[in-house]
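The values are calculated or read from the model by the stated rules, or taken from the named source; none is laboratory data. Note that the structure is a prediction, hence the values are computed from the model and not measured. Quick reminder, even Gly has a Cβ in these numbers, built from the backbone with ideal geometry, and neighbours come from all protein chains shown. What goes into the accessible areas is simple: the full protein's heavy atoms, side chains included, and nothing from ligands, DNA or RNA. Shrake-Rupley method; radii C 1.70, N 1.55, O 1.52, S 1.80 Å.
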Amino acid sequence: MSAPGKTKFQIDLRRHLREHYVNENLTHLICEIAEASKYIIHSIRTGDLGVAGTSNLYGEDQLALDVLSDRILRKRLDHSRVVANIMSEEADQIIPISPDCNGKYSVAFDPLDGSSLVDVNLAVGTIVSIFEGCDLLQPGRNQVAAMYILYGPRTTLVYSVGKGVHEFGMNTLMEYTLLRENITIGPQANLYAPGGLRNLYTPGVEAYVRTLEERGVKLRYSGGFVPDINQVLLKGKGIFFYPHLKDQPKGKLRLLFELSPMAYLIEQAGGAASDGCRRILDIQPTEIHERSPVFIGCKEDVAMAEEFICKHDLQRDSAE
Ligand code: F6P
Ligand code: MN
């Protein structure tokens with residue numbers, strides 16, 4: 001798709017969206033989110049660790065970084081003229097922006113996932129899910145776009161509008177330029193990233209983990225959902241899970257802000273995502289902050305998780 005004579009490293013995000021025939025409003029929206037991320041990375045980098053309730057050098061009240069990231073994104077989306085409703089992991093309710101849904105989009109986002117990792121200088125990220133029109137309580141398969149921005153040693157942006165998954169890197173001019181196009185995931189993992197306390201795993205999950213370990217699959221867990229998913233996606237051979245636990249039957253991660261957008265991206269790359277029995281993208285959300293267990297990454301290992309979870313755990317439950 002690149003123009004003759006240009007290397008793919010010179011393609012910026014807007015141009016890439018245009019070349020993929022993404023309509024003007026959606027292009028504008030994705031670019032606005034990319035713009036917002038520049039302010040978020042600036043806040044992270046300047047070292048204002050943003051402990052809420054403290055004041056900065058100038059005696060001004062300081063916001064926690066996740067609250068600040070939320071404000072940055074909200075403001076940008078509010079002024080974008082292409083947004084109907086927004087929903088943030090930091091808010092309790094849907095925030096209406098425009099009553100007119102025509103040609104507009106609704107956006108769910110986790111402004112700064114893993115924010116507790118900032119003070120130990122580990123990678124964090126922003127996760128975004130986009131639907132057409134006003135409705136945000138929809139199964140993830142109806143998303144028209146999903147993206148995340150990873151604030152690591154480099155800042156990268158990964159997006160999909162249903163035409164493959166593409167990675168961009170922020171250059172010294174703070175522009176996002178194309179790094180990798182049409183990223184794909186292989187069938188079987190050689191690394192695994194497991195969330196949750198192991199002694200709270202159910203027998204099905206425990207048996208699943210042991211099978212992975214016996215196969216020689218390596219443990220690679222950072223504790224941040226965005227870097228962990230990025231690793232699965234870019235290495236192309238991984239599985240992330242945050243399962244249902246004995247004391248948390250719905251796991252920890254949130255369907256609308258975290259799981260749906262990541263499941264959309266991973267499926268676009270040829271992987272899969274399941275709650276242990278159902279495709280994540282088919283779950284009809286009933287409330288904003290709904291949680292779900294998740295097994296996401298290489299297809300064969302997601303299918304194997306379903307074998308263990310659906311059969312082992314559910315049979316066991318019904319026998320009890
Ligand atoms: O948003 C929640 C989060 O911080 C994710 O980034 C991460 O995957 C998960 O929690 C880690 O949870 P735990 O500390 O229980 O492993
Ligand atoms: Mn989060």
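One table, with the values for the structure above:
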{"read-out": "Residue match in region 156-172 (condition: open to solvent by less than 40 Å² (accessible area, probe 1.4 Å) and within 16 Å of ligand 1 (Cβ to nearest atom))", "value": "yes"}
{"read-out": "Region 89-115, subset in contact (Cβ under 8 Å) with a residue 60 or more places away in the chain and more than 16 Å from ligand 2 (Cβ to nearest atom), residue least open to solvent (accessible area, probe 1.4 Å)", "value": "105"}
{"read-out": "Strands (runs of 3 or more DSSP E) completely within region 143-222 that count 1 or more residues being within 30 Å of residue 28 (Cβ to Cβ) and in contact with a Gly (Cβ under 7 Å, 6 or more places away or on another chain)", "value": "145-151, 155-160, 176-180"}
{"read-out": "Region 244-267: number of residues that are among the polar types (S, T, N, Q) and either assigned to a helix (DSSP H, G or I) or away from ligand 2 (no atom under 16 Å from the Cβ) (or both)", "value": "1"}
{"read-out": "First in region 65-85 and over 20 Å from residue 145 (Cα atoms), second anywhere and assigned to a loop (DSSP other than H, G, I, E, B) and open to solvent by less than 10 Å² (accessible area, probe 1.4 Å), Cβ under 6 Å, 6 or more apart", "value": "65/50; 68/50"}
{"read-out": "Hey, residue 118 out of contact with any Lys or Arg (no Cβ under 8 Å at 6 or more places or on another chain), under 20 Å from residue 31 (Cα atoms) and either in a strand (DSSP E or B) or in contact (Cβ under 8 Å) with a residue 12 or more places away in the chain (or both) or not", "value": "no"}
{"read-out": "Residue 264 within 16 Å of residue 191 (Cβ to Cβ), buried (at least 20 other Cβ atoms within 10 Å of the Cβ) and either touching a helix residue (DSSP H, G or I) at 6+ places or on another chain (Cβ under 9 Å) or free of Cβ contacts under 8 Å to residues at least 12 places away in the same chain (or both)", "value": "no"}
{"read-out": "Members of region 225-241 found to be within 14 Å of ligand 2 (Cβ to nearest atom) and either touching a Ser or Thr at 6+ places or on another chain (Cβ under 9 Å) or open to solvent by 40 Å² or more (accessible area, probe 1.4 Å) (or both), listed by number", "value": "226, 228"}
